[in-house]
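S.K.: Structure provided below as structure tokens; questions to follow.
Bear in mind that the values in this text are calculations on the coordinates, not laboratory data. Source: prediction; values computed, not measured. Note: ideal-geometry Cβ built from the backbone for every residue, glycine included; neighbour counts use all protein chains shown.
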Protein chains: 2
Amino acid sequence: MIFLTPADAPMRKTTSQKKPAKNQHASVREDHATELAQDYVEAIDDLIREDGTCRLIEIARRFAVSHVTANRTLARLKRDGLVESQPYGPITLTSHGKRMAQAARRRHKIVLDFLISLGVDEETAASDAEGMEHHVSKKTLAAMARSLRRRTE
Amino acid sequence: MIFLTPADAPMRKTTSQKKPAKNQHASVREDHATELAQDYVEAIDDLIREDGTCRLIEIARRFAVSHVTANRTLARLKRDGLVESQPYGPITLTSHGKRMAQAARRRHKIVLDFLISLGVDEETAASDAEGMEHHVSKKTLAAMARSLRRRTE
DNA sequence: CTTCAAATGTAGCCAGCGCTACACTTGAAG
DNA sequence: CTTCAAGTGTAGCGCTGGCTACATTTGAAG
């Protein structure tokens, strides 16, 4: 992903040019773009495991959005090479999509288990994990996994 | 906040009607709307503490967006009663905005300290806390605070 | 084979949040 | 008082992600 800097924020042309000073936020925005994608592939993967197939309407129901919204989002995922489908047909994941779903599932499980180990009730943990999993870096995820392992021993 | 359900997802008109079945996602979306607002009031509060005043351009720099984007976002915050400003003047927080900033600051600190206590390096912790703080419920925040207290003893 | 409900597709609207380009204000330096 | 750079405002564009309304396709029941 190319790092675009707006004309207004010329990142103090002083020296380094690598790692702009205060731009945690820029990467946050970048993440936002792929959050929905991850949620969708995760849901598609779930639905295929549960029902054997994945229909548009089920995705729409799961996200509580109209089938139109689900359809347009899926079109973007198709464009981006994450899912495949024929008109009026079921939705499948590409190998890329499957990889992403698997990674998401793993992250999700670690965050969820970690929250529960923290003493959060399962319902709250499930809800929070849903939102948090997209903002947990590899390092933090590793720290959570470490903490879980420690408690298990 | 009124809970709108799209026509397509009529939440199985079977019985209860309270707590639609699988709608963790709906609340996630609702949060999204106020995330930027919280980030902005937090930044404005920071800037006023640091510089004694808060100018549009400084907000734009902090978020690495154009001054136009910052301006329009601030207009929304004005509309929503969080900030105040006169044309070409500095930006201030309303009492409501101040309250929100204070809450955000508190949440932020707990999440940040907690991540550090987990063994995550400070830079990573700062970056992750930025994204996570908006998805941590009161219960989970309390659990984090509890964990911190336990380690301190 | 027909019918009909459910699923899917399409057109078009709105708001949020990015941007560039250009116009206007402000305030400090001359 | 003038000038000029920096800050601010405005017009207009693009993409994402919501929606309703309406059209089309599918597949099962008759």
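S.K.: For B:Arg99, state whether it is of a type outside the set (Ser, Thr, Tyr) and more than 17 Å from the chain's Cα centre (by Cα).
M.R.: no
S.K.: Same structure, new question: I need the full set of residues from segment B:49-95 which are among the aromatic types (Phe, Trp, Tyr) and within 12 Å of DNA strand D (Cβ to nearest atom), in order please.
M.R.: B:Tyr88
S.K.: The conditions are (1) surrounded by fewer than 15 Cβ atoms within 10 Å (Cβ to Cβ); (2) away from DNA strand D (no atom under 16 Å from the Cβ), and A:Lys98 fails exactly one of them. Which is it?
M.R.: Exception for A:Lys98: condition (1).
S.K.: Also, quick follow-up: For segment A:32-48, how many residues are under 11 Å from A:Leu82 (Cβ atoms), within 11 Å of DNA strand D (Cβ to nearest atom) and away from chain B (no Cβ under 11 Å)?
M.R.: 3
S.K.: A further question on this structure: Considering only residues that are assigned to a helix (DSSP H, G or I) and among the acidic types (Asp, Glu), look in segment B:49-101 and name the one that is farthest from the other protein chains (Cβ to nearest Cβ).
M.R.: B:Asp51
S.K.: Quick one: which of B:Arg146, B:Arg150 is in contact with a Gly (Cβ under 8 Å, 6 or more places away or on another chain), surrounded by fewer than 16 Cβ atoms within 10 Å (Cβ to Cβ), within 12 Å of chain A (Cβ to nearest Cβ) and among the charged types (D, E, K, R)?
M.R.: B:Arg146
S.K.: Those residues that are surrounded by fewer than 14 Cβ atoms within 10 Å (Cβ to Cβ) and either touching a residue at least 24 places away in the same chain (Cβ under 8 Å) or under 16 Å from the mean Cα position of the chain (by Cα) (or both), I need them from segment A:40-75; list them, please.
M.R.: A:Thr53
S.K.: Quick check: is even one residue across segment A:128-141 surrounded by fewer than 15 Cβ atoms within 10 Å (Cβ to Cβ) and part of a helix (DSSP H, G or I)?
M.R.: Yes - at least one qualifying residue is present in segment A:128-141.
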